[in-house]
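Asks: One structure follows; several queries about it will come next.
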Amino acid sequence: MSSITDVAPVAATRTPEGRPRRTRKPRSGPLLGLLAWVIGFLFVVPVLWMVLTSFHSEEDAATNPPSLAAPLTLEGYREFFGVGTGTNPWPSLLNSLTASVVSTVIVLLLALPAAYALSIKPVRKWSDVLFFFLSTRMLPIVAGLLPIYLFAQWSGLLDNIWLLIVLYTAMNLPIAVWMMRSFLAEVPVEMLEAAQMDGAGLLRTLRAVVAPVVLPGIAATSLICFIFSWNELLLARTLTGTVAQTAPVYLTGFVTSQGLFLAQVCAAAFAVSLPVLIAGFAAQDKLVQGLSLGAVK
Amino acid sequence: MTQTTLPPTEKTQPVSAPRGSISDRSRAERKLGWLLAGPAFVVMLLVTAYPIVQAVYYSLFNYRLTDPDNRSFEGLGNYWVILTDGVWWQAILVTVIITVVTVAVELVLGFALALVMAKALSSIRPVVRAAILIPYAVITVVSAFAWQFAFRIDTGFVNSWFAWLPGVSDTTDWFGGQASSLFVICLAEIWKTTPFISLLLLAGLAQVPDVLQEAAKVDGATWWQRMWRVTIPNMKAAIMVALLFRTLDAFRIFDSIFIMTAGANNTESVSFLAYRQTISRVEIGLGSAVSVLLFLSVVLIAFLFIKGFKVDLAQARGER
């Protein structure tokens, strides 16, 4: 098997004679294409149904099977955003936004130098350090929940958004270091050396050589950190109360109390998911490389 | 095992630089390296190591938060209580079932999906990719509620849609029993994470050298033989990464169970048990012991994967 893996992938696009080989058009292309569409559709259908229902009135939403052609309305959203009901999701959305954005910024500030040190200017025992970071990614959050809770209680940080920010930073930092390292590894070493020869300082090298190559990677990393922080439920639920509760916590409560009003619930779910959907959509190019921590491209 | 990768130190040192300056510079660079990596390292050490050490400490005491004066040293007594209790083994069983079922199904389904996407016309691939990523991006709370809604006896449409299946009728209570509850939980997990696996494997498929496929075809290998002898061995890194990440994530499952069943009908996972003991029942000693055991299980799984299967993330990358 090892002999198989030794073949350089570069050779793949050329025949032994060196002519570029015509890319094989699979005969089964259209059929499999259709299959791909069908499978893709199956995966999206529940979400589409949720979005559609969120724009229906409660009467139309309650029909079974769901009515496709019912008139659209913003009623569900109006209810969720508290017009008439007095519920107000804005503080929780704002909390989520603060926790996600601030923790992502801190993660970037810490992870970027670390990843740079671990990939371009490797510190000694770099693989040990990397695997230390990776091992923390694998920790079950719940295992540390109680000490964190007691610490928060003792220090008065319970129901404080800053506690979540610190915890989300720690939660995403290992992933970010690994992701950034994978993106930084794409910086051509020759260019770095050339910059060094020309006497460019660290900042100059970073700005002129490293930044252009890794900026898309940084963007993807931040989007993924944003997604993880926005989605987090366990810590938020345990450590926040009325003041610092995040959107998923608010949503859990909203669904429990308004569960019978389907259109409202769908509107709430979609409104809370929307930032993450947008982030995921924007990051999709680099998402796989990032989430596999660079193991595949 | 990581030593088999390109030693990155060699890459950074200019070949033509004079001898004396190398050691000076490399020493300075090493210092800079630690300076750059240090803050992240310290943060992780503080925020992750502290709670674990603290949990180990708490786990040695008989300690209830509601009764802090009666704190007494128990030694390993809490562990004995847990390991001789059926609740722990039930939680382990549930967690293992969920992990094995979801990871196995996701791997097979994700691989099939990856094959389909790889063969599909390249023009539609980005659209399909964006579409199947949606479940992965939907927040877990929402997907858990959605699946619960679909299967619930009073609101769900699954019973009426699938009434033609044997065993499904209007009165099927999916959340009324352990097996059917776990089925729905697994289904929700599979729906949510198969897209991620399939995209990972699709990226792995792209790493299989075409020339090998051609050679195997010329030699008369069947589709099945090519799959097992050429395709899969060559995308081992992607498969292993998918397996490792998903296994660890599945083993820590909490959100879905919390929302769909709240642990009713013996659907408690280990994470959920630890949560219930510590946060709901404020049994600090016992709960910490559960947490430590969960932590050790996760470490064991990761260790087995990384050592046993020789998953080398750093090397997987170097091979590309």
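Asks: If I go through the range B:175-226 residue by residue, how many of them are basic (Lys, Arg) and under 19 Å from the mean Cα position of the chain (by Cα)?
Replies: Within the range B:175-226, residues that are basic (Lys, Arg) and under 19 Å from the mean Cα position of the chain (by Cα) number 1.
Asks: I'd like to check something: does the range B:212-231 contain any residue that is at the interface with another protein chain (Cβ under 8 Å from one of its Cβ atoms) and not in a helix (DSSP H, G or I)?
Replies: No, that holds for no residue.
Asks: Can you tell which of A:PRO122, A:PRO188 is at pLDDT below 85, at the interface with another protein chain (Cβ under 7 Å from one of its Cβ atoms) and more than 30 Å from B:ILE284 (Cβ to Cβ)? Lay out the reasoning, then the answer.
Replies: Values: A:PRO188 fails: at the interface with another protein chain (Cβ under 7 Å from one of its Cβ atoms).
Just a single option satisfies the conditions, and that option is A:PRO122.
Asks: Let me ask something else. Counting just the residues of the range B:192-209 that are within 7 Å of chain A (Cβ to nearest Cβ) and in contact with a Pro (Cβ under 6 Å, 6 or more places away or on another chain), which one comes out surrounded by the most Cβ atoms within 10 Å (Cβ to Cβ)?
Replies: Across the range B:192-209, the extreme among qualifying residues is B:PRO195.
Asks: Same structure, new question: Pick from A:LEU112, A:LEU93, A:LEU146: which is modelled with pLDDT under 85 and either in a helix (DSSP H, G or I) or surrounded by 17 or more Cβ atoms within 10 Å (Cβ to Cβ) (or both)?
Replies: A:LEU146
Asks: Okay, next question. Quick test for you: out of B:ILE185, B:ILE132, pick the one residue that is crowded, with 16+ Cβ neighbours inside 10 Å, on the phi < 0 side of the Ramachandran plot and facing another protein chain (nearest Cβ under 10 Å). Break it down into steps so the answer makes sense when it comes.
Replies: Working: B:ILE185 fails: facing another protein chain (nearest Cβ under 10 Å).
Every option except B:ILE132 fails the conditions.
Asks: Looking at (1) more than 8 Å from chain A (Cβ to nearest Cβ); (2) touching a helix residue (DSSP H, G or I) at 6+ places or on another chain (Cβ under 6 Å); (3) at pLDDT below 75, which is the one condition that is false for B:ASN78?
Replies: (3)
Asks: Moving on to the next point. For the range B:75-129, give me each residue that is more than 30 Å from B:SER181 (Cβ to Cβ), in a helix (DSSP H, G or I) and of a type in the set (Val, Ile, Thr).
Replies: B:VAL116, B:VAL127, B:VAL128
Each row is one residue, and each column tells you yes or no for (1) without any contact (Cβ under 8 Å) to a residue 24 or more places away in the chain; (2) closer than 21 Å to A:VAL38 by Cα.
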| position | (1), (2) |
| --- | --- |
| B:ILE97 | no, no |
| B:LEU109 | no, yes |
| B:ALA114 | no, yes |
| B:VAL128 | yes, yes |
| B:TYR136 | no, yes |
| B:VAL141 | no, no |
| B:ALA179 | yes, no |
| B:PHE183 | yes, no |
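The values are calculated or read from the model by the stated rules, or taken from the named source; none is laboratory data. Since this is a predicted model, take the numbers as computed values, not measurements. FYI the Cβ positions are ideal-geometry reconstructions off the backbone, even for glycines, and counts take in every protein chain you see.
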